[in-house]
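Student: Sending over a structure as C-alpha cells; questions will come in a sec.
The values are calculated or read from the model by the stated rules, or taken from the named source; none is laboratory data. Remember, it's a predicted structure, so these values are computed and weren't measured experimentally. No Cβ is skipped: glycine too gets one built from the backbone with ideal geometry, and neighbour counts run over all protein chains shown.
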Amino acid sequence: MKKAGGFQGALFIPSVLPYVWGNCAYRDMQPCETTPAPIAQIDAAVAEGKPVILQVDWNKQAGIQTHFVLVKEKKGDDYVIYDPFKYSGDTPEKEVLLTTRYKYNGAKLATEISAVLWFNNYGVVPPEPPKKTNLPLPAEKFILYAAEDDLALRAEPSVTGYLWKRMLMNTELISLEPKDKAKAKIGVQGQWIQVQDSNGDQGYVAAWYVSDQKRTASTPTSKPVPSPAPGSAPTPGSAPKPGSAPSPAPVPAGALALYPTTQISLRSKPVVSPDTLIRYINADEQLISLEPANQAIPKVGVQNQWIKVRDAGSKEGYVAAWYVKYAGGSTAQTTSATPPASGTPVKVRTTAEAVSLRNQPVVSDATLIKRVPINYEFTIVEPGGESKIGANNQWIKVKDAAHEGYVAAWFLTR
C-alpha cells in the first residue's frame, strides 16, 4: 500500500486497494450508528467469502470511539473477528467474539456495529500449500527470537510467500543457516533467514523482525497497559504513563520532551540495522529532542520519520518518530497572523495526523471524543483562544459540525 500511494499521512485510501490486491475492491461505508446494523447482508457477504470490516466502539464513554475489526466467521448470534489491536492474553489462535470484547452499546450485533465497510471479492482460488521442508539442523545451533508479535513463518523468503503460521514475540527459533550468515542479516530490511521453530516447522522469517536476544517487557507486569489506543496511530499530545518509574528530569528551557509509545531502539543513524543500534529504550523513559520543536513535532507519529534525541543517560541518537509521543516543553509554533476583528469566528486547522479532540483539557482515555486527520478544521469557541494557537501545554476549546471539545494548542495553526 505504501508503494502504491495508499496512505495520506496515517489515513488509508481504500480506492488504492485493487492496485495491491487485484481480486478485492472497496465499495462503500454504510453508517448504522442510529439504526440496527444490516446483519442479514453481513451474513450473506461473509458466506460468499467477501471481506467485511466492522466499526465498533472500543470505549464505554459517551459517543463512538471508533475501531475497526474484520469478520472471520459467524458463530451463533455473534461474529468471530480478527482484531488488529492485541489485548492482554491475545494469541494468534485465540477465538475473539465481537460482542464479548466490544459490549458498550447493549452487547448485541445490531447495536455494537456502528458502520460496515463493504468490499467486492472476485473469488481467487487459495493456493495449494507447498511441500514442507525437513532440513537437518546445523552442527552449531544459533538461536533467534521473534522481535515482534505476529511474526510470519513463510514457505519462501518473500512477503508473498505462503504463510505457514504467525508467532508471538520472543518465540524461539533455530537458524537453518550458518551462524555468521544469519547473524549478518539480523535487523536488515529485505533479508530473510531460514529457521525452524520449537514444533519442528521450517520456513523463512523476515530478518528485520528477529533478534538474537529476547525482548524485555516495557510496561509493569502487574497491569499491562497497551500503548497506542485501538485502531490508531500513536496519538500526538498523548501523555506518558511512566508507571513506577522515577520522575523524569525537568525539561531544559526551550527543549521538547518526548516519550516512546513502546520499547524502541536508539540508533546512531536513522537506519534500521544491527550496526546502528545503541540501546533499547523503555516506554517510561523521557527523551529530549535535539531538533527544533517546530521541526520535531510534525514528525511525531509519522511513519518513516526519525527524530534526533538525548536519552536519560545523555546518550544521543535517533528514534523512530512513529513510536514516540509529545510530552511537553518548548513552544513549538507561533502565529504572526493579524488578530481577527471582534466577533469574527476564528478557524484553525490541525498540523499532525490523529490529533485528539477531548471533552476536557486532560489527556486520558476517558476524555477522548475522537481523532482527526491533518488539516482538519475547527472553529475556536472560547474568548481569546486565538492567542494560544501553537503554544505548548495550552488547550483551546473548539467545535466542528458534530462536536465541541478541547484540542492541544500546539497541534493547531491558522
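Student: Read through the list (1) small (G, A, S); (2) modelled with pLDDT under 90; (3) in contact with a Pro (Cβ under 8 Å, 6 or more places away or on another chain); (4) not assigned by TED's automatic domain parsing to the domain that holds A25, then give the number of the only condition that A155 fails.
Tutor: For A155, the failing item is (2).
Student: With respect to L17, is the statement that it is within 21 Å of the chain's Cα centre (by Cα), at pLDDT 85 or above and surrounded by 15 or more Cβ atoms within 10 Å (Cβ to Cβ) true?
Tutor: Spelling it out, it is not the case that L17 is within 21 Å of the chain's Cα centre (by Cα), at pLDDT 85 or above and surrounded by 15 or more Cβ atoms within 10 Å (Cβ to Cβ).
Student: Kindly list the number of the only condition in (1) hydroxyl-bearing (S, T, Y); (2) modelled with pLDDT under 80; (3) outside any loop (DSSP other than H, G, I, E, B) that fails for Y79.
Tutor: Y79 satisfies every listed condition except (2).
Student: Restricting to region 65-109, what's the tally of residues that are touching a residue at least 60 places away in the same chain (Cβ under 8 Å) and either loosely packed, with under 15 Cβ neighbours inside 10 Å or at positive phi (or both)?
Tutor: Residues that pass the stated criteria total 5.
Student: Let me ask something else about it. One residue is enough: does region 79-87 have a residue meeting the conditions under 16 Å from A47 (Cα atoms) and hydrophobic (A, V, I, L, M, F, W, C)?
Tutor: yes
Student: Sticking with this one: Pull up region 364-409, narrow it to residues that are among the basic types (K, R) and touching a Phe, Trp or Tyr at 6+ places or on another chain (Cβ under 7 Å), then point me to the one that is nearest to F12 (Cα to Cα).
Tutor: Among them, the one singled out is K399.
Student: Taking region 130-171, which residues are surrounded by 14 or more Cβ atoms within 10 Å (Cβ to Cβ) and within 22 Å of L277 (Cα to Cα)?
Tutor: Within region 130-171, F142, L144, Y145, A146, A147, E148, D149, L151, M169, N170, T171 qualify.
Student: Farther than 24 Å from Q263 by Cα and at pLDDT 90 or above: which single residue out of E93, E128, E140, E172 fits that description?
Tutor: Numbers: E93 fails: at pLDDT 90 or above; E128 fails: at pLDDT 90 or above; E172 fails: farther than 24 Å from Q263 by Cα.
Being farther than 24 Å from Q263 by Cα and at pLDDT 90 or above holds for just one of E93, E128, E140, E172, which is E140.
Student: Scan region 366-379 and give yes if some residue there is closer than 22 Å to W322 by Cβ, among the charged types (D, E, K, R), part of a strand (DSSP E or B) and modelled with pLDDT of 80 or more, otherwise no.
Tutor: Yes.
Student: Now a separate question. Give, as residue ranges, the strands (runs of 3 or more DSSP E) completely inside region 290-362 that count at least 3 residues that are in contact with a strand residue (DSSP E or B) (Cβ under 7 Å, 6 or more places away or on another chain) and modelled with pLDDT of 85 or more.
Tutor: Hits in region 290-362: 306-310, 316-320, 347-350.
Student: Looking at A40, A44, A62, A25, can you tell me which residue is small (G, A, S) and part of a loop (DSSP other than H, G, I, E, B)?
Tutor: The match here is A62.
Student: Please verify whether L163 is more than 15 Å from G203 (Cα to Cα) and aliphatic (A, V, I, L, M), treating the condition exactly as stated.
Tutor: Judged against the criteria, L163 is not a match.
Student: Across region 198-218, which residue is modelled with the highest pLDDT among those that are in a helix (DSSP H, G or I) and of a type in the set (A, V, I, L, M, F, W, C)?
Tutor: A207
Student: State the number of residues belonging to region 159-185 that are without any contact (Cβ under 8 Å) to a residue 40 or more places away in the chain, assigned to a loop (DSSP other than H, G, I, E, B) and under 29 Å from the mean Cα position of the chain (by Cα).
Tutor: The number of residues fulfilling the criteria is 3.
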